[in-house]
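The values are calculated or read from the model by the stated rules, or taken from the named source; none is laboratory data. Quick caveat, the model's predicted, so the values are computed rather than measured. A quick note on method: Cβ atoms are made from the backbone with ideal geometry, for glycine too, and the neighbour counts reach across all protein chains shown. Note: areas computed on protein heavy atoms with side chains; ligands, DNA, RNA excluded. Shrake-Rupley method; radii C 1.70, N 1.55, O 1.52, S 1.80 Å.
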Amino acid sequence: MITIEIKLLTNKFGGCPWNSASNEGKTEIIPSPIRILRAILSGLYQDTTSKTGEFDTLTEKQKSLFCKLLECTPSYYIPKYTHAGVISYLPEYATSLRNIAVTTKENQTSSRISFDPYITFEEDDSSIFVFFKNTLTSAERQLLSDGLEYLSYLGRSEYAAEWKLLRQCK
């Protein structure tokens with residue numbers, strides 16, 4: 001079994017479910033498999049780029065590793081959490097794709113609202129564990145571990161995280 005620990009350094013996770021916008025106030029409680037796999041793939045690409053200087057290239061061994069991870073749906077341990085969020089009122093000149101306009105009775109834009117939903121975790125229990133029911137060779141484990149070193153967040157980039165491949169139990 002493959003076990004990945006994602007230590008949430010801010011004790012928060014903010015990732016919107018697919019087909020949702022941040023202003024809808026929804027947060028993925030369990031990170032979707034595609035979110036986890038895309039992050040791992042990104043780490044593998046970054047590892048190759050740092051070692052070879054080639055951009056957008058994976059080695060055959062990395063491709064094989066990633067295909068193994070695609071073979072099964074991961075399971076998770078999610079610690080106890082609380083829903084939270086921040087509503088920010090921005091001046092009229094502050095524009096962003098994440099904001100929605102609020103209009104007054106006179107139909108004039110008075111401000112913009114940005115809503116940032118997230119879930120918070122206890123400080124001493126803020127790690128999400130991801131389990132894949134595959135087995136890897138020691139070389140594949142090293143490739144995965146190398147790729148995870150490049151990952152620094154989960155969800156949106158303001159939610160820092162440390163990704164780590166845990167030792168395999170025998």
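Restricting to the stretch 1-60, count the residues that are crowded, with 18+ Cβ neighbours inside 10 Å and part of a strand (DSSP E or B).
Within the stretch 1-60, residues that are crowded, with 18+ Cβ neighbours inside 10 Å and part of a strand (DSSP E or B) number 7.
Condition check: within 17 Å of PHE129 (Cα to Cα), modelled with pLDDT of 95 or more and of a type outside the set (S, T, N, Q). Does ILE40 satisfy that?
For ILE40, the condition - within 17 Å of PHE129 (Cα to Cα), modelled with pLDDT of 95 or more and of a type outside the set (S, T, N, Q) - is met.
Kindly list the number of the only condition in (1) modelled with pLDDT under 90; (2) surrounded by 11 or more Cβ atoms within 10 Å (Cβ to Cβ); (3) part of a strand (DSSP E or B) that fails for ALA94.
Status for ALA94: all satisfied but (3).
Check ASN19 against each of (1) over 28 Å from GLN168 (Cβ atoms); (2) without any contact (Cβ under 8 Å) to a residue 24 or more places away in the chain; (3) in contact with a helix residue (DSSP H, G or I) (Cβ under 8 Å, 6 or more places away or on another chain) and name the one condition it does not meet.
(3)
Does VAL130 count as in a strand (DSSP E or B) and modelled with pLDDT under 75?
no
Counting only residues that are open to solvent by 80 Å² or more (accessible area, probe 1.4 Å), out of contact with any helix residue (DSSP H, G or I) (no Cβ under 7 Å at 6 or more places or on another chain) and hydroxyl-bearing (Ser, Thr, Tyr), which one in the stretch 69-81 is farthest from PHE121 (Cα to Cα)?
Filtering the stretch 69-81 for residues that are open to solvent by 80 Å² or more (accessible area, probe 1.4 Å), out of contact with any helix residue (DSSP H, G or I) (no Cβ under 7 Å at 6 or more places or on another chain) and hydroxyl-bearing (Ser, Thr, Tyr), the one farthest from PHE121 (Cα to Cα) comes out as TYR77.
Which of (1) in a strand (DSSP E or B); (2) acidic (Asp, Glu); (3) at pLDDT 85 or above is the odd one out, the single condition ASP146 does not satisfy?
Just one mismatch for ASP146, condition (1).
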